[in-house]
Structures are given as structure tokens and as C-alpha cells.
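Written below as C-alpha cells is the structure these notes are about.
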Amino acid sequence: MMRFANSILIGLLVAAPVWAADTAAMRRQVDALGRDHAVPAVYAAEGWEAKNGVRALFFESVAYRGKPTRVFAWYGAPQKPGKHPGIVLVHGGGGSAYREWVEKWVSHGFAAISIAVEGQTDRRNGKDWQRHEWGGPARDGIYADTGLALEDQWMYHAVAATVRANSLLRSMPEVDAKRVGVGGISWGGVITSTVMGMDSRFAFAIPIYGCGHLHEIENHWGKALHDNKVFLEVWAPELRLGKARMPALWLTWLRDPHFALDAQQKTYRAAPGPRMVSVIPDMKHSHVAGWNPPDSYAFAEGIVRDGKPWLRQVRERRAGDTAVVEFVSAKAVEKAELVYTADTGLTTNRDWKVGAAEIATRGARVEVKAPIPAGTSAAYFLLHSGGLHGSSELMVFVQPSQAELRPAWRPVVTIPAD
């Protein structure tokens with residue numbers, strides 16, 4: 001019996017490095033997708049009407065089950081002469097390539113390509129999107145296909161499609177290849193958070209709702225992913241975000257039911273590039289709610305014009321019981337509020353309140369401050385500028401020990417100054 005037990009132990013010890021080597025090899029294979037900069041072949045999308053410079057097309061992507069695949073997309077560019085900035089647009093769950101999304105970006109002076117990442121077109125087959133004959137895999141739940149070969153996993157194809165869309169957009173004669181960004185909504189935000197650490201050619205990134213640290217969120221994400229080793233060791237966006245040096249806008253809303261504010265905070269702090277955070281209280285969660293606010297467009301316009309976000313947090317400090325955050329802003333800040341809660345747990349389920357905050361402006365420097373109400377567990381400042389929103393990073397507080405002489409609140413994390 002002892003000899004049998006020892007054999008099992010030896011077998012386990014031998015097997016463990018094999019698994020580690022397998023996931024390491026998978027990571028390298030995924031990383032290689034970000035370095036594949038070949039311009040994909042493009043095919044006509046017959047039966048889709050082109051209008052106002054926006055047209056449907058297919059482009060070639062990686063093989064699936066031994067057969068080449070194609071990705072359906074809408075592409076458009078401003079009709080003015082010259083080179084235009086661009087953006088790759090990635091939809092979320094239940095979505096597809098959207099002509100309307102492209103048109104919105106074109107109206108702001110950007111070339112745009114909106115891609116369908118589940119082997120579908122933008123035509124309905126009942127309640128579902130109609131798949132086409134060259135499609136790759138559809139999404140299977142929350143990384144539920146990680147037991148399959150890497151080349152058969154949906155995220156592998158979604159990432160490859162996004163990188164190839166970048167190569168295609170950059171190759172267009174009317175596009176300035178040095179000013180092409182990426183943006184995604186919900187699942188598209190997760191994909192954006194993944195590729196921005198892989199494809200260094202992107203000039204900016206806009207993850208909307210979606211983020212990393214998904215396995216730590218106390219909802220369906222955490223339940224599905226807390227022990228999914230392939231996700232944790234191959235696909236988690238934070239694995240690569242240390243290489244994401246492009247400016248990024250992290251746009252979400254206060255009570256998003258899918259993505260938590262603390263997970264988003266850990267994600268944007270993992271990326272060393274310049275960042276802007278915007279947490280809008282009543283934005284809601286949908287494709288339309290994600291692309292309608294002016295915030296994405298204003299951020300991208302600032303990046304391609306000035307090379308930096310229009311609003312940047314540079315310092316956070318505490319003066320007694322008052323929180324003080326300093327920003328550099330290229331726009332006039334008209335109003336600031338403190339958004340705070342005394343609750344703990346999933347940020348979606350907390351009771352958030354809004355209070356007034358003071359603004360002091362000195363040139364481009366904007367200082368915002370407010371007393372932190374007793375019992376506050378988390379808070380952030382919300383800034384308003386001509387219909388645009390900007391936020392401080394999430395401030396998390398802990399109660400002082402009873403031994404302290406007076407009540408004060410301590411930030412768990414101090415945000416370093418630039």
C-alpha cells in the first residue's frame with residue numbers, strides 16, 4: 001500500500017510541471033497573436049447595402065477546426081480628404097457588428113471598423129444573430145471552453161479577430177496608422193482589456209464596463225472562474241496589462257451588475273499607461289448605453305490631438321477627515337460631487353449616496369475635496385465638464401482602531417503622483 005501511495009505521489013509531482021509547461025506554452029501562443037501584423041485578406045459582403053461611406057465586409061482570420069475563418073464587419077471613414085484616426089470596435093454579449101456604432105465614430109472624424117466576434121452577421125435569425133458559413137466558434141458561457149484545444153477556444157478567435165482588424169484598419173489609405181485605437185463594450189471591454197496588453201500598436205484603448213480580475217468579482221464571474229486554471233494562467237487580462245502603455249479610458253457606471261468597481265480599479269492600476277476613469281452614476285448597461293455618452297469620443301479626440309487624456313488624476317491625499325484629489329484638466333470643471341457608500345461587498349449592491357464637493361482651480365490644476373462621512377467604506381469624486389464626466393480613482397477606506405484619539409479615515413491605497 002505504501003509503495004502504491006508513493007507511486008501516486010511521484011506521478012503527481014511529475015505531472016504538475018507538465019501542466020505548468022502546457023499553460024506557459026499556451027500563453028506564448030496567445031501572445032504570438034498580438035505580434036501577427038499581417039494584413040488579412042478582405043472579401044465582399046454581398047447583399048449588404050453601402051451607405052454614406054459605410055460598408056460591410058468580411059476579412060480572413062485564424063483557422064477553426066482546420067478551416068479558414070472570416071469575420072463579418074462594418075467599416076466606414078470620413079468622406080473628407082486626408083488621413084484620419086481610427087478605432088476597432090468590439091461588441092459585447094448578445095451583440096454583433098454594428099453599423100450605427102461605426103457611423104457615430106465617423107461623425108466624430110474617425111475611421112471605424114465594428115467586428116462580429118462570434119461567427120455571426122448583423123442579420124437576425126429569430127432572436128439570434130444569423131451565422132455565416134466561414135464563422136469561428138461562438139462564445140460558450142464564461143470561458144467554459146478552456147478544456148478544448150487553444151485554437152478552438154472562443155477567446156482565441158476573438159483576440160485574433162481584434163488584432164487583425166487593427167492591421168486591416170491601419171492598412172486603409174485614408175487611415176493614419178499611428179492613431180488607431182480599440183474600444184469594446186462589456187465582453188468587448190474584456191477583449192479590449194486583453195488585447196491592449198498584447199498589441200502595442202494601439203494608440204489608445206477604451207474598455208467600457210469590461211475589465212480584468214474577473215475571478216475576484218463576487219458574482220457569476222467569480223463563481224465561474226475562481227478555479228479555472230486556463231483562464232487564470234492564460235486568459236486573465238491582468239496577465240499582460242503591464243505591457244499596456246497606451247492611454248486608456250476606463251468607462252463604466254456606478255451600479256453595473258456585471259463588473260465591480262474594485263475589480264476595475266485593480267485592472268487599470270495594472271496598466272502603466274496614462275489613464276482616465278469615468279464612473280457615471282446612471283449610465284446603465286447595454287450597447288446603446290455604452291456608445292451614446294460623449295465621453296468615449298471626447299477622450300479619443302483628446303488623445304489623437306494632444307496625446308493625453310483631457311483629465312488626469314495626479315495626487316490623492318487626506319487632510320484630517322477630508323479627502324483631497326488633484327487633477328490636471330484640459331477642460332473647465334464646472335461641478336464636482338462625492339459619491340460614497342458605507343456598505344461593503346459587491347459594489348453593484350451597495351447603497352451609494354451623492355454629496356457636494358469643493359473645487360479649486362489654478363490654471364490646468366483642479367483640486368477637489370470633501371469631508372468623508374463617518375462610516376464610509378468607499379468613495380470617489382465625480383467631475384462634470386460640459387456634459388462630460390471624469391472620476392477620481394476609487395478610494396477605499398478602513399475604520400481607525402479604537403485606540404486612536406479622534407475618528408479619521410485612512411485610504412487603503414495611495415495613488416502615486418505622476
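The values are calculated or read from the model by the stated rules, or taken from the named source; none is laboratory data. No experiment lies behind these values; they were computed from the predicted model shown. A quick note on method: Cβ atoms are made from the backbone with ideal geometry, for glycine too, and the neighbour counts reach across all protein chains shown.
Remarks
- Filtering segment 26-59 to residues that are surrounded by fewer than 12 Cβ atoms within 10 Å (Cβ to Cβ) and within 18 Å of E151 (Cα to Cα) leaves R28, A32, R35.
So that you can scan it fast, the table gives a plain yes or no per residue for (1) in a loop (DSSP other than H, G, I, E, B); (2) in contact with a Lys or Arg (Cβ under 8 Å, 6 or more places away or on another chain); (3) under 19 Å from R164 (Cβ atoms); (4) of a type in the set (S, T, N, Q):
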residue	(1), (2), (3), (4)
P40	yes, yes, yes, no
G47	yes, no, no, no
A63	no, no, yes, no
Y75	no, yes, yes, no
G82	yes, no, no, no
L89	no, no, yes, no
G94	yes, no, no, no
A97	yes, no, yes, no
E103	no, no, no, no
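- Any hit, segment 126-133, residues being in the same structural domain as F72 (by TED's automatic domain parsing) and touching a residue at least 60 places away in the same chain (Cβ under 8 Å): yes
- Comparison of R179, R170, R164, R201 shows that the only residue that is in contact with a Phe, Trp or Tyr (Cβ under 9 Å, 6 or more places away or on another chain), surrounded by fewer than 23 Cβ atoms within 10 Å (Cβ to Cβ), within 17 Å of G86 (Cα to Cα) and at pLDDT 95 or above is R179.
- Residue within segment 146-169 that is within 15 Å of the chain's Cα centre (by Cα) and on the phi > 0 side of the Ramachandran plot present: no
- Count of segment 316-341 residues which are surrounded by fewer than 16 Cβ atoms within 10 Å (Cβ to Cβ) and either touching a Pro at 6+ places or on another chain (Cβ under 9 Å) or not assigned by TED's automatic domain parsing to the domain that holds F397 (or both): 5
- Hits in segment 284-336 (condition: under 15 Å from E358 (Cα atoms) and not charged (D, E, K, R)): A319, T322, A323, V324, V325, F327, A332, V333, A336
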